[in-house]
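The values are calculated or read from the model by the stated rules, or taken from the named source; none is laboratory data. For clarity, every value in this text was computed on a predicted model and none was experimentally measured. Positions of Cβ are backbone-derived with ideal geometry, glycine not excepted, and every protein chain shown enters the neighbour counts. The protein model used for the area step is the full one, side chains on, heavy atoms only, and it has no ligands, DNA or RNA in it. Shrake-Rupley method; radii C 1.70, N 1.55, O 1.52, S 1.80 Å.
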Amino acid sequence: SGATYYVDPLGSDANNGSISSPWKTLASACSKVKTAGDIIHLNSGTFIEIAQSSLAVGVSIEGEGVASVIQSRVGGTSFTILLSSSAQATNGGQHISNLKMDGNKLAGYGAIRVAYRKNVEIYNCTIVDFNYYGVSFINGEPPTTYATGNSFHDNIVTNCAGYYNGARGNLEIQGQDGMLIYNNNMTVNRGTNDGDVIYGVEGFLKNIKIYN
C-alpha cells in the first residue's frame, strides 16, 4: 500500500526518487524513505556504495535480480545494509529481495545485518566476496524477547565468511525463534581462514528449521 521510489546508476541524489527522477545511491534513498510500506526499487546497473544504508522499519528493498548490483566499499566493521532497532524483536514487516551484493574482493565487511527486528524476509539475493559476514540476524545474547517470523531463503551466498580469532558466517543467526532457512546455496571457498557456512550462536536459538 506504500509508495515506490527508484534508484538508478544514472540518477542523482538531488532528485525526488520518482521513476523519471531516480536517486543515484541506495544510502541516500534509505536516508529519505522512512514510511512503513514503502519500497526502494533498484534499477538494473551497478551501484557503488561507499556509505552504510540504514533501512527504516517497514521499508523494503527490491531489485531486478542479478542485474541490480550493489558493489560495496563499506569497510571497517559496518554492514553495507543495516536494519537495526533499539528494542529486541521490533516488528520490521519488511523484505530485501532480487538483488546482487558484491563485497569488492573482500573490501566490504558484511552485506546485511538485521539487528533486533522480527518479520524480516531476505530472498532471491546473490551475495559474494564479503570479508566477515554475508547476512547476520542478531537479537541479543541472551534475548529477553526472541525474534520471530524472520526468514532467509532462495539465496546464493559465496565466500562471505572469514575466521579471525573466531568464526564468522555466510549466515549468522542469534536470538531467533522459528526462523526458516531454506532453498539456499552457500559456500565458503577461500582455502585458508574459512569461516562457517552458517554460524549459529549457541544457546540462543529455538525451533530453527534449515532445509533444502
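The table that follows gives values for the structure above.
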item: DSSP-defined antiparallel bridges as percent of all bridges, the chain, nearest 5; result: 5
item: Dimensionless Rg/Rh of the chain - Kirkwood Rh, Rg from C-alpha atoms; result: 0.96
item: Segment 85-90 - phi-based ³J(HN,Hα) in whole Hz, Karplus 6.51/-1.76/1.60, Gly and Pro as x; result: 10, 7, 9, 4, 6, 5
item: Probe 1.4 Å, all protein chains present, accessible-area order of Thr145, Thr126, largest first; result: Thr145, Thr126
item: Rg over Rh, two decimals, segment 114-212 (C-alpha only, Kirkwood Rh); result: 0.96
item: Cleavage-rule hits, trypsin sites (Lys or Arg not before Pro), segment 62-140, DSSP coil, Cβ neighbours within 10 Å at most 15; result: Arg73, Lys105
item: Cα-based shape type of segment 1-58, given that a ≥ b ≥ c are square roots of the gyration tensor eigenvalues and the cut on a/c is 1.5; result: oblate
item: Global geometry of segment 64-180, whether rounded, prolate or oblate, following the gyration tensor of its Cα atoms and the 1.5 cut on a/c; result: oblate
item: Residue with peak Gaussian network fluctuation, the chain [Cα springs, cutoff 10 Å], from Tyr132, Tyr199, Tyr164; result: Tyr164
item: Segment 6-48 - percent of accessible surface contributed by carbon and sulfur, probe 1.4 Å; result: 57
item: Local electrostatic count, Ile40, Cβ distance below 14 Å [Lys/Arg +1, Asp/Glu -1]; result: -3
item: Per residue, in Å², the accessible surface of the chain once ligands and nucleic acids are set aside, probe 1.4 Å; result: 41
